[in-house]
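The values are calculated or read from the model by the stated rules, or taken from the named source; none is laboratory data. Keep in mind that this is a model prediction, so the values were computed, not measured. Please note: Cβ atoms are built from the backbone with ideal geometry, for glycine as well, and neighbour counts cover all protein chains shown.
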Amino acid sequence: MSEVVDAVTVLVPRLLAECTGGRRELSVELPAEGTVGAVLDAIAAEHPVFDRRVRDETGALRRHVNVYVDGEDVRRAGDLSTRVPAGAEVMVIQSVAGG
């Protein structure tokens, strides 16, 4: 059985807060060696609509969604396999088109 580490903080953009009950900051507990995918899985268990807005049918991040772990873009660090250390801040950013 995996040991639970300190929770990580997930910052949710205003556009997606409607999918998390209006919450713009979530606390997620992860087993040791947690990943971005595990963070999103934990959120999806409580907020499935949030998950559908962030990941596509294959489970990959949608093109218009960016995720950062402590300021580092996960697309450059290992995508959903990017490690999330205890106490990290995970920020989800959804691009907005318009002009």
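Structure summary
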quantity	calculated
One residue from 26, 40, 15, 61 being within 12 Å of residue 92 (Cβ to Cβ), touching a residue at least 12 places away in the same chain (Cβ under 8 Å) and surrounded by fewer than 15 Cβ atoms within 10 Å (Cβ to Cβ)	15
Condition check for residue 78: surrounded by fewer than 19 Cβ atoms within 10 Å (Cβ to Cβ) and touching a residue at least 60 places away in the same chain (Cβ under 8 Å)	no
Count of the stretch 37-70 residues which are farther than 24 Å from residue 21 by Cβ and within 13 Å of the chain's Cα centre (by Cα)	2
Residues (free of Cβ contacts under 8 Å to residues at least 12 places away in the same chain and touching a Leu at 6+ places or on another chain (Cβ under 7 Å)) located in the stretch 43-58	51
Qualifying residues in the stretch 56-88 (those that are closer than 19 Å to residue 28 by Cα, of a type in the set (A, V, I, L, M) and not in a strand (DSSP E or B)) - the one modelled with the lowest pLDDT	86
